Amino acid sequence: MPKRKAPDRRHSANPHAPIDRERTEPLRPPRAPVGLPLLPNGRMALPEGNPCEGCDHCCRYVSIQIDTPRSRRDFEHIRWYLLHKNISVMIDWEGDWLIQFDTPCEWLVEGRCSHYRLRPDICREYDPAECERYAGPGERVLLRTPDDLERYLDGRRGKRKSG
């Protein structure tokens, strides 16, 4: 009998999926359903019905835009953020900096919103087409540890020296 593959823990579709408290992998949504066409813009077409079915990704974190770091002190603040568990800093495709708190919503129960009719406006207004499940990674740069920040800064210094 063939061995079953270990589940991919980077995806959050399993309602009992553990939160990656050791920050070994970025939080990722479940893969889009098989057979969806790829659109010319590089995104997946949304499926018929509820495109969020089987996904609770957006219920497992909060991200807030922060000022773009410009000084050594600003980057020291970024390093301080990253020293905390379940905190990431990212740069999105538009160049905005965000701090992400990997913390599930209190209303998330077995992968579903237990107060769906009372959910906040931000949840109601979220466009599934913008979800990483269909649009690809939401970040251009993801910093999860102080070492990630050092590598990012080393890369910036290297570009300045060669440019």
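The values are calculated or read from the model by the stated rules, or taken from the named source; none is laboratory data. All values reported here derive from a predicted model rather than from experimental measurement. Using ideal geometry, Cβ is built from the backbone for each residue, glycine included, and neighbour counts are taken over all protein chains shown. Only protein heavy atoms, including side chains, enter the accessible area calculation; ligands, DNA and RNA are left aside. Shrake-Rupley method; radii C 1.70, N 1.55, O 1.52, S 1.80 Å.
Take Leu36: with every protein chain present and a 1.4 Å probe, its accessible area is about 40 Å². When Cys131, Cys59 are compared by accessible area at a 1.4 angstrom probe, the order from most to least is Cys59, Cys131.
Simple point charges give the picture: +1 on the Cβ of Lys and Arg, -1 on the Cβ of Asp and Glu, and for region 27-94 a dipole about the Cα centre of about 340 debye. Shown are Thr103, Thr145, whose ranking by accessible area with a 1.4 Å probe and every protein chain present, most to least, is Thr103, Thr145.
Please identify every one of the trypsin sites (Lys or Arg not before Pro) in region 58-120 that sits in a loop by DSSP and has no more than 13 other beta carbons within 10 Å of its own beta carbon. The partial results should precede the final answer.
On the way: sites: Arg60, Arg70, Arg72, Arg73, Arg79, Lys85, Arg112, Arg117; in loops: Arg60, Arg70, Lys85.
Passing both the DSSP loop test and the Cβ count: Arg70, Lys85.
Computed in the context of the full set of protein chains, the accessible area of region 93-163 at 1.4 Å probe radius has 51% of its extent on carbon or sulfur.
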